[in-house]
Each structure stands twice: as C-alpha cells, then as structure tokens.
1. What are the residues in segment 51-72 that are closer than 28 Å to L204 by Cβ and surrounded by fewer than 13 Cβ atoms within 10 Å (Cβ to Cβ), if any?
2. For segment 190-242, how many residues meet the condition of being touching a helix residue (DSSP H, G or I) at 6+ places or on another chain (Cβ under 7 Å) and of a type in the set (S, T, Y)?
3. Quick test of your reading of the structure: L182 fulfils all but one of (1) within 22 Å of S147 (Cβ to Cβ); (2) surrounded by 16 or more Cβ atoms within 10 Å (Cβ to Cβ); (3) modelled with pLDDT of 95 or more; (4) not small (G, A, S). Name the failing condition by number.
4. Just name the residue that is farthest from the chain's Cα centre (by Cα) out of those in segment 128-149 that are closer than 23 Å to G210 by Cβ and surrounded by fewer than 16 Cβ atoms within 10 Å (Cβ to Cβ).
5. Which one is farthest from S73 (Cα to Cα) among residues in segment 1-26 that are surrounded by 15 or more Cβ atoms within 10 Å (Cβ to Cβ) and touching a strand residue (DSSP E or B) at 6+ places or on another chain (Cβ under 7 Å)?
6. Scan segment 79-135 for residues that are at pLDDT 85 or above, small (G, A, S), closer than 30 Å to L145 by Cα and out of contact with any Pro (no Cβ under 8 Å at 6 or more places or on another chain) and jot them down.
7. Among the residues of segment 198-242, what is the count of those that are open to solvent by less than 60 Å² (accessible area, probe 1.4 Å) and among the charged types (D, E, K, R)?
8. Tally up the residues in segment 185-197 that are open to solvent by 70 Å² or more (accessible area, probe 1.4 Å) and more than 19 Å from the chain's Cα centre (by Cα), please.
Amino acid sequence: MERLQKVIAHAGVASRRKAEDLIVQGKVTVNGKVVKELGTKVSPNDKVEVEGVPIAKEPPVYYLFYKPRGVISSVKDDKGRKVVTDYFPEVEERIFPIGRLDYDTSGVLLLTNDGDFANLLMHPSYQIDKVYVAKTKGIPSTEQLKSFKKGINVDGDRLKAVHAKVISTDQKKNTAIVQLILHEGKNRQVRKMFEAIGVPVDKLKREKYGFITVEGMNAGDIRPLKPHEVKQLRELADKNVK
C-alpha cells in the first residue's frame, strides 16, 4: 500500500505536490469513487483515475531475492532499518515482497508489483511448499517432530508443518539441523514451534519456495524470475487448490 499522491507522481502524471492539489480538488478517483483525503493509500490492484484518465499501469515484474539476516521484509521501516527494496535501487516499478521473512531469517523471498500474482501465492486456499532449514540449540526428538505434523497450539494459534525431519546432529554441541516444510507462513511460525517444544532456533533459512531456490546465489543477490518460472508458480498454485 502506498499513498495516493505518490502513486500518481510515480506514474508521471504530475509532481507529488501537484498530485496533492489534484486530490484535494476532487479530480482523482479510486475504483470509481472521488477521494479527497491526502492520507489515502492504494494497492497495485486499485484503479486510479486523474481527471477521468486512468494512470498507466506498470508492466508486471517478478524478482527472486536472497534475503540476508537483519533485513526487514517491507518497502519501508519507521525505525530506519534496512528493508528489502533497498537492494533494488535501479528497479523503477513499485515492487513489494510476497509474504515475508522474519528479520533474523534468510533465504528465498519473491518480490513483484503484480498484486494478483501475490494474492494467488499467498491465498490460504493454495498449498505451496515452503522449505525451511533450522539450526537448533538442542536436538528435537522424533516425537516432538511428529507433534509438528499434527499441529501445536501456540498463543491460541494452531501451527502445523507438512513435514519435519532431522538432517544432522552434533551431540557434543547439542545442536541439530532440521528441515521443515510449511504451507502457511505465519509470523515467526518456525521459531514459535521450536520454542514451544523447548528447542530454540539459532539460525533459520528458507531454502525453497515451491521449486524456487537460491542455489548458486549469495545473500543479498537478486535476479528476475524467468517467464517459465512465473508460469509454473501460477500453475503450482492452481494445481494445489483445495
């Protein structure tokens, strides 16, 4: 969501100040309704018209970002922390992350300016595998991992993994590498699940989103998704509808 005057200015219709004047004068509509409030925010799916003329929509773009730890999954942060769009200084389109990765989590993050595409991938009716690898302080038991598949209640929320297995352990250090596959992506879900069984997460990475991986990339790298990847992601979501 972005301020209406910013969207108008970004489309090249007028300067930010002029755009504000047009809004106050009642010359701007959003989805057919006149909007005069300068604080109004719109999404990429909203139809904005200035003096009866629709503003040009940006061509859809799709990016894969290897999100490093210590970066906010947002387009801005009121605390001045680094956000994912800081890594896209040359991208003119108004891109935003599809879903989120926690501040301390690294790995696959998709960004786009295509609201329909983002909604498709994030909609709860669709089941796209999100593969996480966690380094834990402690070694979870087989029974504890089975509880992940059944679902556990955390703060009144039911958190569930599709799959969970230990990849390796270090008995001396009492640590483990555990793979989890989720279909949902609730706030700090993986960390909360491990905390609930008394095995806190030290490091966490999302290795795959569907079939998309960051293999061959370094943290902070970006690349455009290929047309066939975008098509396959759409097909994957359609295929997995409940």
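The values are calculated or read from the model by the stated rules, or taken from the named source; none is laboratory data. All of these numbers come straight from a predicted model, not from anything done at the bench. Methodologically, a virtual Cβ is constructed for each residue, glycine included, from the backbone with ideal geometry; neighbour enumeration extends over all protein chains shown. When the accessible area is computed, the model is the full protein with side chains, heavy atoms only, and any ligands, DNA or RNA have been set aside. Shrake-Rupley method; radii C 1.70, N 1.55, O 1.52, S 1.80 Å.
1. In the first step, residues of segment 51-72 are kept if they are closer than 28 Å to L204 by Cβ; the result is 61-72.
Scanning segment 51-72 gives a single hit, G70.
2. Number satisfying all stated conditions: 0.
3. Looking at each condition in turn, L182 falls short on (3).
4. Among them, the one singled out is K149.
5. If we take residues in segment 1-26 being surrounded by 15 or more Cβ atoms within 10 Å (Cβ to Cβ) and touching a strand residue (DSSP E or B) at 6+ places or on another chain (Cβ under 7 Å), then L22 is farthest from S73 (Cα to Cα).
6. G99, G107, A134
7. Number satisfying all stated conditions: 5.
8. Step one: of segment 185-197, the residues open to solvent by 70 Å² or more (accessible area, probe 1.4 Å) are 186-188, 195.
Filter once more, so that each one left must be more than 19 Å from the chain's Cα centre (by Cα): 195.
Here the count works out to 1.
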